[in-house]
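**Q** Got a structure for you, written out below as structure tokens; questions coming shortly.
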Amino acid sequence: QQNVQQSPESLIVPEGARTSLNCTFSDSASQYFWWYRQHSGKAPKALMSIFSNGEKEEGRFTIHLNKASLHFSLHIRDSQPSDSALYLCAVSDTGGADRLTFGKGTQLIIQP
Amino acid sequence: DMKVTQMPRYLIKRMGENVLLECGQDMSHETMYWYRQDPGLGLQLIYISYDVDSNSEGDIPKGYRVSRKKREHFSLILDSAKTNQTSVYFCASSSDWGGNYAEQFFGPGTRLTVL
């Protein structure tokens with residue numbers, strides 16, 4: 001069974017700083033990798049995804065994926081107070097994109 | 001407007017009572033999910049449904065059952081609720097049409113308290 005671990009559990013960074021969140025997984029055959037963001041009291045919402053080794057950038061957000069290292073990460077530049085949320089990484093199970101295993105989350109607080 | 005809805009949003013039940021949580025989506029998505037979220041545990045998959053009457057157990061199905069008789073509607077049933085089923089329950093739906101690789105769209109959640 002897929003084992004997904006996130007680090008750190010929580011993080012406080014000043015506004016404008018660069019933030020890095022990490023996720024490791026156990027199944028090297030996994031194909032689909034997601035970051036979801038959940039603001040307090042709200043539903044999780046997909047933020048970004050990546051399906052092949054390398055890097056993908058969307059605005060202030062960048063995902064890095066290294067399948068050989070069983071690791072992917074989310075980097076946020078110029079962090080804003082509105083980025084304060086619970087960040088959940090998720091990895092697909094072998095055999096399909098639709099079944100995900102989620103990590104326990106990183107609670108990110110951006111201090112103005 | 002793409003939307004996943006959940007009813008009720010808040011529910012208080014006594015131990016041993018039956019619970020029905022309902023979820024709807026207006027996107028014609030084939031796949032629907034039920035998760036529970038507890039502090040420090042992330043999202044745990046209870047059941048996944050691939051279409052009408054095509055349901056599979058997730059990681060924590062014990063104590064739960066589901067029903068999907070229409071593509072747009074998915075129910076979670078707790079027969080004889082237990083106090084350890086107090087949690088926030090999220091429904092989600094997804095489709096791999098158009099190459100979005102099964103992005104899951106979540107409902108607003110139901111906060112269930114079992115006393």
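Just so it is clear, none of the values below were taken in a lab; they were calculated from the coordinates. Just so you know, these numbers come straight off a predicted model, no measurement behind them. Cβ atoms come from the backbone with ideal geometry, glycine included; neighbour counts cover every protein chain shown.
**Q** Counting other beta carbons within 10 Å of each residue's own, what order do B:Asp26, B:Asp53 fall into, fewest first?
**A** By the 10 Å Cβ count, ascending: B:Asp53, B:Asp26.
**Q** Can you give the charge dipole size of the protein assembly as shown about its Cα centre, rounded to the nearest 20 debye, using +1 on the beta carbon of Lys and Arg and -1 on the beta carbon of Asp and Glu? List each step's numbers first, then the result.
**A** Details: 23 positive and 24 negative charges, 125 e Å.
For this selection, approximately 600 debye.
**Q** Another question about this same structure. Find the relative contact order for chain B and round it to a whole percent, using C-alpha pairs within less than 8 Å whose residues are 6+ positions apart.
**A** Across chain B, relative contact order equals 35 percent.
**Q** Across peptide A:31-37, how many C-beta atoms of other chains are within 10 Å of each residue C-beta, on average?
**A** 2
**Q** Taking 22 Å as R0, compute the FRET efficiency from the Cβ-Cβ separation of A:His64 and A:Gln1 and round it to 0.05.
**A** 0.30
**Q** Another question, then. Work out how far the C-alpha atoms of the protein assembly as shown reach from end to end along every principal axis, then list the three figures in whole Å, largest first.
**A** Taking max minus min along each principal axis of the Cα atoms, the protein assembly as shown gives 49, 37, 35 Å.
**Q** Now for a separate question. With the crude spin-label approximation of a point 7 Å out along Cα→Cβ, what separation in nm comes out for A:Glu15 versus B:Thr83?
**A** With each label point 7 Å from Cα toward Cβ, the separation is 4.4 nm.
**Q** Right, something else. For an R0 of 41 angstrom, estimate the FRET efficiency from the Cβ-Cβ distance between B:Leu20 and A:Glu57 and round to the nearest 0.05.
**A** 0.40
**Q** Express in nm, to one decimal, how much length is gained between B:Lys13 and B:Asp53 on full extension, taking 0.36 nm for each residue of separation and deducting their alpha carbon distance.
**A** 11.6 nm
**Q** Additional query: Dipole of region B:54-115, Cα-centred, from +1 at each Lys and Arg C-beta and -1 at each Asp and Glu C-beta, to the nearest 20 debye?
**A** Working: 8 positive and 6 negative charges, 63 e Å.
Magnitude of the dipole: close to 300 debye.
**Q** In addition: For chain B, compute the number of Lys pairs whose alpha carbons are separated by less than 21 Å, excluding pairs fewer than 8 positions apart on the same chain.
**A** So the count works out to 5.
**Q** So, R0 is 25 Å and r is the distance between the beta-carbons of B:Leu41 and A:Ser26; what FRET efficiency does that work out to, to 0.05?
**A** After rounding to 0.05, the efficiency reads 0.90.
**Q** Here is a further query. Compute the signed sum of charges (Lys and Arg +1, Asp and Glu -1) over the other residues within less than 9 Å, Cβ to Cβ, of B:Asp51.
**A** Spelling it out: positives minus negatives among the neighbours equals 0.
**Q** Still on this structure, please answer the following. For region B:6-53, what are the per-bin percents of Cα-Cα distances with bins 5 Å wide, up to the bin holding the maximum?
**A** 5, 14, 20, 24, 22, 11, 4, 0
**Q** Where the only charges are on Cβ atoms (+1 Lys, Arg; -1 Asp, Glu), what is the dipole of region A:45-103 about its Cα centre, to the nearest 20 debye?
**A** 60
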